[in-house]
1. From the list Leu57, Leu87, Leu43, pick out the single residue that is part of a helix (DSSP H, G or I), under 19 Å from the mean Cα position of the chain (by Cα), in contact (Cβ under 8 Å) with a residue 40 or more places away in the chain and buried (at least 18 other Cβ atoms within 10 Å of the Cβ).
2. Give me a count of the residues in the range 177-212 that are assigned to a helix (DSSP H, G or I) and within 16 Å of the ligand (Cβ to nearest atom).
3. Determine, yes or no, whether Val154 is modelled with pLDDT of 95 or more, within 16 Å of the ligand (Cβ to nearest atom) and under 16 Å from the mean Cα position of the chain (by Cα).
4. Answer yes or no as to whether Pro130 is away from the ligand (no atom under 16 Å from the Cβ) and within 21 Å of Arg191 (Cβ to Cβ).
5. Looking only at the range 59-94, count every residue that is away from the ligand (no atom under 16 Å from the Cβ), within 27 Å of Ala210 (Cβ to Cβ) and of a type in the set (A, V, I, L, M) and tell me the total.
6. Would you check if Tyr174 is more than 15 Å from the ligand (Cβ to nearest atom) and assigned to a strand (DSSP E or B)?
7. Any residue at all in the range 139-147 that is within 16 Å of the ligand (Cβ to nearest atom), at pLDDT 95 or above and in contact with a His (Cβ under 9 Å, 6 or more places away or on another chain)?
8. I'd like to verify a number: residues in the range 20-40 that are more than 13 Å from the ligand (Cβ to nearest atom), outside any strand (DSSP E or B) and among the polar types (S, T, N, Q), how many?
Amino acid sequence: MIVDFHCHAGTGDRLTSPWTTRAPLSSYLRRAAAAGIQRTVVLPAGHNDYAAANEELARIVAQHRPRLIGFGGVHAEQDAGRVQEILLRAVELGFRGVKVHCADARPTREVCDAARDLGLPVLMDVTGKPSVIDLVAPEYPMVIFIIAHLGSFVDDWRAQQQVVDQLVRYANVYADTSGVRRFDYLLQAIRRAGAGKLLFGSDGPWLHPAVELHKIRMLKLPIEAESLVAGGNALRILKKASLVSEKSAHRAAAWR
Ligand SMILES: [Zn+2]
């Protein structure tokens, strides 16, 4: 099964760029279906109120079940003091992970503690500053961190090289391939960290999922390795998350 681990959906309220304004899915859904992508992890667009964005995202996911899988957004600074509550609600909404964008704020202990307690994987955009991974990954070995864009959406080769090193060093660190243009870093990640550490992602709806998927094909991996990158790794991470989150949802219901 092919799983796109990085796509956005819903409206943003900042109006500073396309990805903080609106993530319309209609073209994406058509393109992804034509490319054979069967499941897609969707994240909110950039927002100043992720609690509201998560509610909207849940309504979109409900319209496309089981094809879409939601990850809840949280802002480590603006949501300080209520991160646990927002993520408990995300679990109740059926979400299977959390998205943290370091352009909002770097992950705090509050965010990492909540992700650990709720069993949620953290998809993290480190915006070219992967040193944060050296702090959170060893401190939270039970939390799975997936580093968006191999560390940089804007082709920062130093950041991508550093993330490849971190994939080798930390068992709980993975990376997605969305928007990565410097192809040899993807090859290096596979050769050094193994096919079990890389996840196909498109950064749809702004990037074309078939173009992004073609990069995975161009890695020319043995069939088993390609299927891990194209979806197997994602399914394993999501399955683990759903088992833990199911228990957390019961706990959340009891806690309320
Ligand atoms: Zn993105």
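1. Result: Leu57 is the single residue among Leu57, Leu87, Leu43 that is part of a helix (DSSP H, G or I), under 19 Å from the mean Cα position of the chain (by Cα), in contact (Cβ under 8 Å) with a residue 40 or more places away in the chain and buried (at least 18 other Cβ atoms within 10 Å of the Cβ).
2. Residues that pass the stated criteria total 3.
3. Answer is no for this residue.
4. yes
5. The total comes to 2.
6. yes
7. Checked against the condition, which is being within 16 Å of the ligand (Cβ to nearest atom), at pLDDT 95 or above and in contact with a His (Cβ under 9 Å, 6 or more places away or on another chain), the range 139-147 yields at least one hit.
8. Of the residues in that region, 3 qualify.
The values are calculated or read from the model by the stated rules, or taken from the named source; none is laboratory data. Computed from a predicted model, the values in this text were never measured in an experiment. All Cβ positions, glycine included, derive from the backbone under ideal geometry; neighbour counts span all protein chains shown.
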